[in-house]
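*Asks:* Here you go, one structure.
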Amino acid sequence: MMQQPIASHFVDGAYLEDTSGTKIDVIYPGTGAKIATVYSATPAVIDAALNSAARAQKTWAALSGTQRGQVLLRAAELIRADNYALSVLETYDTGKPLQETLVADATSGAEALAYFGGLAASITGEYIPLADGDFVYTSREPIGVCAGIGAWNYPTQIACWKAAPALACGNALVFKPSEMTPLCALKIAEIMMEAGAPAGLFNVIQGLGDVGATLASDSRVDKVSLTGSVPTGRKVYSSAAAHMKHVTMELGGKSPILIFDDADIEAAVGGAILGNFYSSGQVCSNGTRVFVQKGIKDAFLARLKERLKGVVMGDPLDEAVNFGPMVSERQAEIVEGYIARGMAGGATLFAGGSRNGFTIAPTVFTDVTDDMVIAKEEIFGPVMAVLDFETEEEGLRRANATEFGLSAAVFTRDLARGHRVAAALEAGTCWINTYNLAPVEAPFGGVKASGVGRENSKEAIHHYTQVKSVYVAAGGVDAPY
Ligand code: NAD
């Protein structure tokens, strides 16, 4: 049961402990039991991490892209080979069912490392011909030392989604996991070393928000990539601005799913389930505002109720369980509070609403209106708000009436409408007739308050490199005097 790591931090290629930092108890959400203790990084630990990252970055950037790629590809293989143990650890860290973690977390981390490992050798600039034999060439240089700050819902994936492109481009990374889920990233650090990364290239330091804030404002950090809530994003973005640091902000959402009368009902119900209840609703891109066109609403709700009978709650380590607890007691209380506000605000509780330990049953509200709190604020729990609409224009207008813009989906059999609606939705990622698929090949990130920059895909290369232009003159210099 205990999952005590060798030490709290992984710095300069080895575990490092400093028990004078704030104590952080690690709780297994499946039972509420304490499974480990780690300590928040002290200034000495932060210094050691940043200094070793700066050193390692120089050695690493001097390698060829192919050489860097080989290390990432090896790390991907090691993660795949260790998938079971890493998945169990992910379940201990987050409480997500093993049934999910076995296929979603280490797997997705390995895919990111393999993808960017493969890409590393082709990160190049361009040749730009000019008049009279002059030309410009560009190179994509590493940014330097990057800080990654993670949320608690996907600790392995977030560590890898930040490390893979950062390292492929020749940067070093200091990663601070969420204080709720400190365990998984340490294993990724071990694996990076085993794969051949130089000591200090990938450091993990623990801590609460104050450690994240220190990283975001330290002048030795050249880029900050945050996965977290919008309020945290605003703070990190503004302190990064003081030093003109590069940023990637992967923030929250309140994403809409538009289901039209002509939709395939099984696909629409499946999408709404995936987009609300996977990882017990603790997914940034969740489609928590489900707009159902009036003609299909009764059939949609009937089928949703039927399929919710397939929910299996219980010990997340039991592979038959497909729905787990919230990450913490606090998060369970927050979600419970939203359910109470939903009922007090006049919405109809159609399914769920109950709590057992840290687990909140999959909850569906109907008769939800746009102005209700449960339709406006990110809940980050298994609470689906069903709203209805009549016309495409109305559905789109209401779907877009939010400060967020992370994701959105449309379910329809009308091909032209699918593309038209996707084009009009204000979101960084849209799905047509599916939900929440985020393959490493596709850019992922938000518009509006949901973020800046993109993770995954070739796009991420632009966010982990800076371009240098070199003008080469073929003739003499034409000066006025
Ligand atoms: P959070 O914002 O509370 O914390 C995120 C991280 O930021 C943690 O590591 C935390 O310690 C750190 N932090 C807190 N205050 C800080 C500060 N002032 N300066 C620097 N760092 C600070 O978010 P959370 O509750 O851990 O995660 C849930 C949120 O993350 C949700 O809003 C969710 O939508 C979002 N999220 C977004 C994505 C995405 O890719 N867009 C993915 C997962 C989660």
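*Asks:* Using only the Cα atoms of region 290-356, build the gyration tensor, take square roots of its eigenvalues as a ≥ b ≥ c, and label the shape rounded, prolate or oblate: rounded if a/c is under 1.5, else prolate if a/b is larger than b/c, else oblate. Show your work: numbers first, answer last.
*Replies:* On the way: a/c = 2.95, a/b = 1.26, b/c = 2.34.
Oblate shape, in that a/c is at least 1.5 and b/c is the bigger or equal ratio.
*Asks:* Quick check on the exposure proxy: order Ile205, Ile188, Ile334, Ile143 from fewest to most C-beta atoms within 10 angstrom.
*Replies:* Values: Ile205 30, Ile188 25, Ile334 15, Ile143 20.
Starting with the residue having the fewest Cβ neighbours, the order is Ile334, Ile143, Ile188, Ile205.
*Asks:* Next up: Can you give the FRET efficiency to the nearest 0.05 for Gln67 and Ala320, using r as the Cβ-Cβ distance and R₀ = 60 Å?
*Replies:* Working: r = 45 Å, r/R0 = 0.74.
Between Gln67 and Ala320 the formula returns 0.85.
*Asks:* Where does each of Ile35, Ile191, Ile360, Ile128 land when they are ranked from fewest to most other beta-carbon atoms within 10 angstrom? If you can, show how the numbers build up before the last one.
*Replies:* Numbers: Ile35 17, Ile191 25, Ile360 29, Ile128 13.
Ranked by crowding around the Cβ, least crowded first: Ile128, Ile35, Ile191, Ile360.
*Asks:* Could you give the nm distance between label points at Ala199 and Val136, where each point is 7 Å from its Cα heading toward the beta carbon?
*Replies:* Spacing of the two 7 Å Cα→Cβ label points: 4.3 nm.
*Asks:* Once both labels are modelled 7 Å past Cα along the beta-carbon direction, what's the Ser229-His462 spacing in nm?
*Replies:* With each label point 7 Å from Cα toward Cβ, the separation is 3.1 nm.
*Asks:* Relative to the present Cα-Cα distance, how much length would full extension add between Glu393 and Arg413 at 0.36 nm per residue of separation? Intermediate results must be reported in sequence, preceding the final value.
*Replies:* Values: separation 20, 0.36 × 20 = 7.20 nm, distance 1.74 nm.
Separation in residues times 0.36 nm, less the Cα-Cα distance, equals 5.5 nm.
*Asks:* Roughly how compact is the chain, stated as its Cα Rg over 2.2 N^0.38 Å to two decimals? Don't skip to the answer; put the middle values down first.
*Replies:* Details: Rg = 23.4 Å, N = 481, 2.2 N^0.38 = 23.0 Å.
Relative to the rule-of-thumb radius for its length, the chain sits at 1.02.
*Asks:* Next question, about the same structure. Please compute the length gained on full extension between Ala474 and Arg80, using 0.36 nm multiplied by the number of residues separating them and subtracting their Cα-Cα distance. Intermediate results must be reported in sequence, preceding the final value.
*Replies:* On the way: separation 394, 0.36 × 394 = 141.84 nm, distance 5.16 nm.
Value of the extension gain: 136.7 nm.
*Asks:* Additional query: Would you mind listing how long region 256-432 runs along its three principal axes, going by Cα atoms, in whole Å with the largest first?
*Replies:* 45, 32, 29
*Asks:* Let me ask something additional. If a/c stays under 1.5 just call it rounded; otherwise compare a/b with b/c (prolate if a/b is bigger, oblate if not). Do that for region 8-148, with a ≥ b ≥ c from the square roots of the Cα gyration tensor eigenvalues. Write down the numbers at each step before the final one.
*Replies:* Working: a/c = 3.11, a/b = 1.69, b/c = 1.84.
In terms of gyration-tensor shape, oblate.
*Asks:* Given the Cα-Cα distance of Lys23 and Arg341 and 0.36 nm per residue of separation, how much length would full extension add, in nm?
*Replies:* Full extension from Lys23 to Arg341 adds 111.1 nm.
*Asks:* Quick one: 3J(HN,Hα) in Hz for region 215-229, Karplus 6.51/-1.76/1.60 with θ = phi - 60°, rounded, Gly and Pro as x.
*Replies:* 4, 5, 10, 6, 6, 7, 8, 9, 8, 10, 10, 10, 10, x, 7
*Asks:* Using θ = phi - 60° and the Karplus relation 6.51 cos²θ - 1.76 cosθ + 1.60, list the HN-Hα couplings for region 53-65 in order, rounded to whole Hz, with x at every Gly or Pro.
*Replies:* 5, 4, 5, 4, 4, 5, 4, 5, 5, 6, 6, 6, x
*Asks:* Please report Val224, Val103, Val230 as a ranked list, fewest other C-beta atoms within 10 angstrom at the top and most at the bottom.
*Replies:* The fewest-first ordering by Cβ neighbours comes to Val103, Val230, Val224.
*Asks:* Going through the cross-link list Lys23/Lys458; Lys96/Lys376; Lys223/Lys254; Lys305/Lys376; Lys23/Lys96; Lys376/Lys458, which pairs have a Cα-Cα distance over 29 Å in this structure? Mind dumping the intermediate values first?
*Replies:* Values: Lys23/Lys458 39 Å; Lys96/Lys376 26 Å; Lys223/Lys254 27 Å; Lys305/Lys376 24 Å; Lys23/Lys96 24 Å; Lys376/Lys458 33 Å.
Beyond 29 Å: Lys23/Lys458; Lys376/Lys458.
*Asks:* Which FRET efficiency value, to the nearest 0.05, do you get for Thr369 and Asp298 by plugging their Cβ-Cβ distance into 1/(1 + (r/R0)^6) with R0 = 25 Å?
*Replies:* Numbers: r = 19 Å, r/R0 = 0.75.
So, using R0 = 25 Å, E works out to roughly 0.85.
Readers should treat all values here as calculations from the given coordinates under stated rules, not as data from a laboratory. For clarity, every value in this text was computed on a predicted model and none was experimentally measured. We place every Cβ from the backbone using ideal geometry, glycine too, and count neighbours over all the protein chains shown.
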